[in-house]
1. Determine which member of the set Leu143, Leu107 is part of a helix (DSSP H, G or I), in contact with a helix residue (DSSP H, G or I) (Cβ under 6 Å, 6 or more places away or on another chain) and over 15 Å from Glu17 (Cβ atoms).
2. Testing Thr160 on (1) at pLDDT below 95; (2) in a helix (DSSP H, G or I), one condition comes back false. Which one is that?
3. So which of Glu117, Glu74, Glu88, Glu94 is under 12 Å from the mean Cα position of the chain (by Cα) and either part of a helix (DSSP H, G or I) or under 30 Å from Ile34 (Cβ atoms) (or both)?
4. List every residue pair whose Cβ atoms sit under 8 Å apart, with the two residues 6 or more apart in sequence or on different chains, where the first one lies in the range 73-94 and is under 20 Å from Gln127 (Cα atoms) and the second, anywhere, is charged (D, E, K, R).
5. Which numbered condition in (1) over 28 Å from Ala9 (Cβ atoms); (2) of a type outside the set (Lys, Arg); (3) surrounded by fewer than 16 Cβ atoms within 10 Å (Cβ to Cβ) is the only one that Ile144 fails?
6. Test Lys56 against the criterion of being closer than 25 Å to Glu37 by Cα and in contact (Cβ under 8 Å) with a residue 12 or more places away in the chain, and give yes or no.
7. Tell me, yes or no, whether the range 123-134 has at least one residue that is surrounded by 12 or more Cβ atoms within 10 Å (Cβ to Cβ), touching a residue at least 24 places away in the same chain (Cβ under 8 Å) and under 17 Å from Gly38 (Cα atoms).
Amino acid sequence: MLKPKIEKAINEQINKELYSAYLYQAMSAHAANIGLEGIANWMDIQAQEEMTHARKFYDYILEQGGKIELVAIEKPDSDYQTVKDMFEKTLAHEKLVTASIHDLVYLAREERDYATEIFLSWFVTEQVEEESNVNAILDKLKLIGDGGNGLFMIDKDLSTRVFTSPVA
């Protein structure tokens with residue numbers, strides 16, 4: 001059985017993960033609208049991953065006999081000056097999610113909820129990967145500048161990303 005503080009915090013995390021999916025879907029639509037189908041694909045896959053993360057939290061609450069409390073999802077930003085700007089906002093958002101996961105780990109330790117702490121370890125590792133992937137894309141975007149052939153090469157590269165459901 002989850003302690004009330006833990007249950008509330010995980011429900012809040014579900015909302016953050018759903019917002020993340022919503023944000024990346026908006027970014028995918030923006031990229032598709034400007035003709036960058038590879039980047040649209042990458043963002044679409046990112047949205048799918050975030051939905052999977054939300055579901056993992058959702059299932060955990062239910063497995064622990066808790067109650068799901070879904071709330072409204074905030075409207076995401078949809079104005080991006082450049083592709084680099086979009087990925088900078090992606091990295092900033094992933095850093096917020098990382099901080100939120102770390103706060104959950106801290107709370108689990110504080111509440112002596114070892115099962116939740118172990119459950120959260122997967123998300124800690126996942127966030128390292130999330131930030132690393134976005135940083136790698138940003139490094140390439142910084143090298144090529146705001147457009148040109150390099151952008152088309154990155155777009156082509158990002159079109160190859162496929163969704164892989166995480167192992168529990």
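The values are calculated or read from the model by the stated rules, or taken from the named source; none is laboratory data. For clarity, every value in this text was computed on a predicted model and none was experimentally measured. Glycine also receives a Cβ, built like all others from the backbone with ideal geometry; neighbour counts cover every protein chain displayed.
1. Exactly one residue qualifies, and that residue is Leu107.
2. (2) is the only condition that Thr160 fails.
3. Only one candidate passes the filter, namely Glu94.
4. Short answer, once both residue conditions are applied: Lys89/Asp77; Leu91/Glu131; Glu94/Glu130; Glu94/Glu131.
5. (3)
6. no
7. Yes.
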